[in-house]
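Here is the structure we will look at.
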Amino acid sequence: MSEKTKIVLRSGKDDALKRFHPWVFSGAIKKIYGPVHDGSLVEVFSNKDEYLGSGLYQDASIAVRIMAFAPDRPELLNNDFWYKKLLNAWQLRESTGLTENKNTNVYRLVHGEGDHLPGLIIDHYNGNLVIQAHAIGIHNYRNEIAEGLRKIYGKNLKSIYYKSKDTLPGNFAQSNEVEGFLFGDASSDIVLEYGHRFEVDFVHGQKTGFFIDQRENRKLLAEYTKNRTVLNTFCYSGGFSVYALGAGASFVESLDSSGKALELAEKNVQLNFHQTNNHTVIQADAVQFIRENKKAYDVIILDPPAFAKHTNVRHNAVQGYKRLNAEAIRQISPGGVLFTFSCSQVVNMNLFKSTVIAAAIQAGRQARVLHQMTQPHDHPVNAFHPEGEYLKGLVLYID
Ligand code: SAH
């Protein structure tokens, strides 16, 4: 008999779990039998006492993240459990040609729920791995996770950096060791993405160091930038700028509010090109810059951070996207294109599209949708967890 703490759901609240949705919200819990702490492994049962799955508990709105659905009933989450889960994620990347790729050695290895590992993100940078925990339960298993990764990557592994200060609850992050090397000590490296070189600083950079999720969209941008003038706003480390320059853009301006980001962008341009006098950086608030700017560009990229993190601020976010896009569309030369993105999970593609179309109307310009963009396959969306789909983008041709 298992001694594990048992969580019983309210009647009717078991449907989501039976459909393999991996979250139990606190409101769905009827009763907890036994002790629970943040991070405890618990077993979840329906109101009719059917075993549904085992998961990690946290005293928060998402109260349990399911790590194994019935009939699986792990006694504990041991090294073997993590190794198998991580290997499954690695095999998916292998099957899509990412694990041994001459031109690209940066990819997401684990995308949380999309890889059946709720609360866990792992990014791979040329043999260096960065682990990010979004739940205390995951934090507690960081060493087992690192062990599994060492087994999978073997001698190809350079370092494992654990980086969860910004993703774990604030009070927990303050009183626990939530950053540091679990293997090796390489804090930055030069990675390749479709043959473009980027220096990634895992320790000091934003998120895990690089926005891997824009890889395919950066590649698409290259098709539109030959002999074109480009404004890359919210540029971070200059991903889109490097692709635009590589494709023969006549001039690229990289804009970000962060001076550190712009230093990285300049460095990355220099890493790829001898001639860099057709690139410049602008430190500014993108919204204000675009509002006040009078110059026209052939291509503008808008890749802001999530304007809305919750549905209660969705309306304001939508208004923000609309204003920003309308101002940008006004500044695009006839025959130019807008690459516009939203990474707010609560703004879905339909809402984003109607917002951008409303922006084109406001700008008084004819617009045609050429592409709809999303996150790449190393950021898979679990079919039973549509919340995992967060990145959306449009390419608009502006007449
Ligand atoms: N396009 C980037 C990722 C963008 S991340 C890439 O491909 O790598 C969002 C960026 O927006 C961050 O670098 C952040 O510093 C910047 N940012 C946030 N608020 C901003 C603002 N108001 N104006 C300009 N940049 C901003």
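The values are calculated or read from the model by the stated rules, or taken from the named source; none is laboratory data. Since the model is a prediction, treat every value here as computed from it, not as a measurement. Cβ atoms come from the backbone with ideal geometry, glycine included; neighbour counts cover every protein chain shown. These area figures cover heavy atoms from the full protein model, side chains too; ligands, DNA and RNA do not enter into them. Shrake-Rupley method; radii C 1.70, N 1.55, O 1.52, S 1.80 Å.
Which of the residues spanning region 5-48 are under 28 Å from the mean Cα position of the chain (by Cα) and on the phi > 0 side of the Ramachandran plot? Selection gives Phe20, Gly39.
Quick grid of which residues meet (1) open to solvent by less than 50 Å² (accessible area, probe 1.4 Å); (2) among the hydrophobic types (A, V, I, L, M, F, W, C); (3) farther than 28 Å from Asn171 by Cβ:
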{"residue": "Lys6", "(1), (2), (3)": "no, no, no"}
{"residue": "Arg10", "(1), (2), (3)": "no, no, yes"}
{"residue": "Ala70", "(1), (2), (3)": "yes, yes, yes"}
{"residue": "Leu86", "(1), (2), (3)": "yes, yes, yes"}
{"residue": "Glu94", "(1), (2), (3)": "no, no, yes"}
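Within region 190-218, the set of residues being away from the ligand (no atom under 11 Å from the Cβ) and under 16 Å from Ile301 (Cα atoms) comprises Glu216 only. For region 1-25, the set of residues classified as touching a Phe, Trp or Tyr at 6+ places or on another chain (Cβ under 9 Å) and small (Gly, Ala, Ser) consists of Ala16 only.
Could you say whether any residue in region 219-242 is open to solvent by 60 Å² or more (accessible area, probe 1.4 Å), within 14 Å of the ligand (Cβ to nearest atom), under 22 Å from Thr374 (Cα atoms) and among the acidic types (Asp, Glu)? Checking region 219-242: not a single residue is open to solvent by 60 Å² or more (accessible area, probe 1.4 Å), within 14 Å of the ligand (Cβ to nearest atom), under 22 Å from Thr374 (Cα atoms) and among the acidic types (Asp, Glu).
When region 20-43 is filtered for residues that are of a type in the set (A, V, I, L, M) and farther than 17 Å from Tyr141 by Cα, the ones remaining, listed by number, are Val24, Ala28, Ile29, Ile32.
Please go through region 105-161 and pick out each residue that is closer than 20 Å to Gly388 by Cβ, in a helix (DSSP H, G or I), of a type in the set (D, E, K, R) and open to solvent by 10 Å² or more (accessible area, probe 1.4 Å). Within region 105-161, Glu113 is the sole residue that qualifies. Here the condition is being open to solvent by less than 10 Å² (accessible area, probe 1.4 Å) and among the hydroxyl-bearing types (Ser, Thr, Tyr); of Ser333, Ser354, Ser342, it holds for Ser342 alone. Restricting region 243-256 to residues that are over 12 Å from Thr280 (Cβ atoms) and touching a helix residue (DSSP H, G or I) at 6+ places or on another chain (Cβ under 7 Å) leaves a set whose member that is surrounded by the most Cβ atoms within 10 Å (Cβ to Cβ) is Ala244.
Select from region 298-319 the residues that are farther than 20 Å from Phe211 by Cβ and within 16 Å of the ligand (Cβ to nearest atom) and write down the one among them that is surrounded by the most Cβ atoms within 10 Å (Cβ to Cβ). Spell out the reasoning first.
Just the residues of region 298-319 that are farther than 20 Å from Phe211 by Cβ, to begin with: 298, 310-316, 318-319.
Then drop every residue that is not within 16 Å of the ligand (Cβ to nearest atom), which leaves 313, 316, 319.
Numbers: Val313: 14, Asn316: 11, Gln319: 12.
Result: Val313.
Quick one: which residue in Gln362, Gln345 is modelled with pLDDT under 95 and outside any strand (DSSP E or B)? Quick ask: steps written out before the conclusion?
Working: Gln362 fails: modelled with pLDDT under 95.
Result of the check over Gln362, Gln345: Gln345.
Kindly check whether there is at least one residue in region 174-191 that is under 23 Å from Leu76 (Cβ atoms) and surrounded by fewer than 16 Cβ atoms within 10 Å (Cβ to Cβ). Yes: one or more hits.
Would you confirm whether any residue within region 260-282 is touching a residue at least 40 places away in the same chain (Cβ under 8 Å), touching a strand residue (DSSP E or B) at 6+ places or on another chain (Cβ under 9 Å), away from the ligand (no atom under 14 Å from the Cβ) and not β-branched (Val, Ile, Thr)? Yes, region 260-282 contains at least one residue that is touching a residue at least 40 places away in the same chain (Cβ under 8 Å), touching a strand residue (DSSP E or B) at 6+ places or on another chain (Cβ under 9 Å), away from the ligand (no atom under 14 Å from the Cβ) and not β-branched (Val, Ile, Thr).
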